[in-house]
Amino acid sequence: MLWLAASRGWRDQINLFLPIYPYDPALGRTGVIVLFKELDLDPRLLKAISKLGLTKPTEIQKKAIPTVLSGADLMASAQTGTGKTAAFVLPTLQHLFRRSKKVGLGPRALVLTPTRELAIQIDKNIRQFNRFSKITTGLIVGGMSYSPQLKMLRNRVDFLVATPGRLMDHMERGKVDFSRLEIFVLDEADRMLDMGFIDAVKDIASVMPRNRQTLLFSATLEGSVLNIAKELLRKPQRISLATNHDPHRSIRQHMHQADSKAHKHKLLAHHLDNNQLTKALIFTSTKRGADQLAKTLRLKDHKTASLHGDMSQNKRRQTVENLRKGRVEMLVATDVAARGLDIKGITHVINFDLPTVAEDYIHRIGRTGRAGAAGCAISLVGSSDWQKLAQIEKLTGRKIDREVIEGLEPTGSEPNIKQRAKPRPKAKRSFTKSLKGTKSPKSKRRRRRSSEPQKTKQIRVRKAA
Ligand code: AMP
């Protein structure tokens, strides 16, 4: 196999080191990698990949794995659900198979990710790919007891996954040694910035060796993500796949105008009676709203649970497991479940309330239509949701289909909402100060300015069940 620098063209400025093969019709038109075994991965990893039933690398895996194996820094954008976790986990594990030249116990690789759910998911993926090798792995997230984490940090841990808040807690207590660190993965960088973790990320990176390899993954590679990339990465390769701003093609998206909360309940009941709906994620804007709606649905004999940030980590994990196993069919959640929840067979995502941050809409609906399956995303748009809808449509660049159910028509017509520019939230706290007793920051409500008005509506009528 011949390794050459291949340029993907001026438009997306992608420069990749891809293996170039002589033309082979069996490998496809371009002759680039189509199977995992062509990726020069260690047999232990290939065995684990095969055990998981994976045969072909996804686009991001084809492109990122050779780049990471080459030792280059990397900034990559890829839609969630595209297999991006394996794209950084596999080459990182392969790197860790080589012995460290440095003595010590601290992590040789760190993945920093914004939410506990994502961290748990990544840790699970690492353990799946590591099942035939002996790399020591660890997880550090908030909402869990300190003592097992402290015990883990007293022993050798090669591959660590963490959320910024709890990791900073341990760092401030002098419990983390980054002197051996070789690979730093910043996952969901855009979300990290949205959640106000920018200072924490910088503080954490500032105590790492400068000659480390840094990999940045983000839904988008623009604005403040580019600034942080400039600060943390050295001569990065860049991979820009379809971003999260692209429509999810396998997901049918539509919305209903709702006059009131009671109207939303009726619209929801209509959809819950649909036989095609077998596993649903219903999003509300508040934790109390999630609990209340879950209670209402339970009273109507729907197997329902709620999921939000006020629940202990164990309870959250148990609830997600119940949905995965089918013990629960409907999960009413806040945006804590918008990212990182990878459950097969979610047929419907229903936005009972629209998200305040437009990007969260994309992440919410991405919980359905996974791994090639078809999905359905329904939004119930009440009087306080129109501005949010305008932001979502501006971000995704498409108008969500308006639908009316016979017998459940709205009384009014769609308001003429002025779209406003999307501001960035500010960080709520600095992680250089003491963190004790503080909670994770959330993005602030945004100030907005106006732009063009809404286009005309299209209404399709469906019969009420
Ligand atoms: P991620 O984007 O890392 O959250 O992955 C989304 C889903 O894709 C997970 O359920 C993975 O198990 C699955 N996945 C990862 N790589 C592949 C692959 N090469 N082929 C099929 N599914 C994959």
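Things worth noting here:
- FRET efficiency for the pair SER384 and ASN227, taken as 1/(1 + (r/R0)^6) with r the Cβ-Cβ distance and R0 = 45 Å, rounds to 0.85.
- Loop trypsin sites (Lys or Arg not before Pro), region 68-150 (other Cβ atoms within 10 Å of the site Cβ: 16 or fewer; DSSP): ARG98, ARG99, LYS101, LYS102, ARG131, LYS134
- Taking the Cα centre of region 251-402 as origin and assigning +1 to Lys and Arg Cβ atoms and -1 to Asp and Glu Cβ atoms, the resulting dipole is close to 360 debye.
- Rounded, prolate or oblate (a/c below 1.5 giving rounded, otherwise prolate when a/b exceeds b/c) for region 251-402 by Cα gyration tensor: rounded
- Calculated FRET value between SER133 and LEU35, using beta carbons and R₀ = 22 Å, to 0.05: 0.60
- Under 5 Å between amide hydrogens, built in the peptide plane, is the criterion, and for VAL332 it picks out ILE282, ALA305, SER306, LEU307 among residues at least 5 positions away or on other chains.
- Global form of region 99-154, assessed from the alpha-carbon gyration tensor, a/c cut-off 1.5: oblate
- The stretch between SER147 and LYS295 holds 49.8 nm of extra length on full extension. This uses 0.36 nm per residue minus the Cα-Cα distance.
- Modelled spin-label separation between ARG398 and ARG210, with each label point placed 7 Å from Cα along the Cα-to-Cβ direction: 4.7 nm.
- Counting other Cβ atoms within 10 Å as a rough exposure proxy, the listed residues LEU186, LEU408 run LEU408, LEU186 from fewest neighbours to most.
No value in this document is a laboratory result; all are computed from the given coordinates. From a predicted model like this one, the values you see are computed outputs, not experimental measurements. Reconstructed Cβ throughout: ideal geometry from the backbone, glycine too, with neighbour counts over all protein chains shown.
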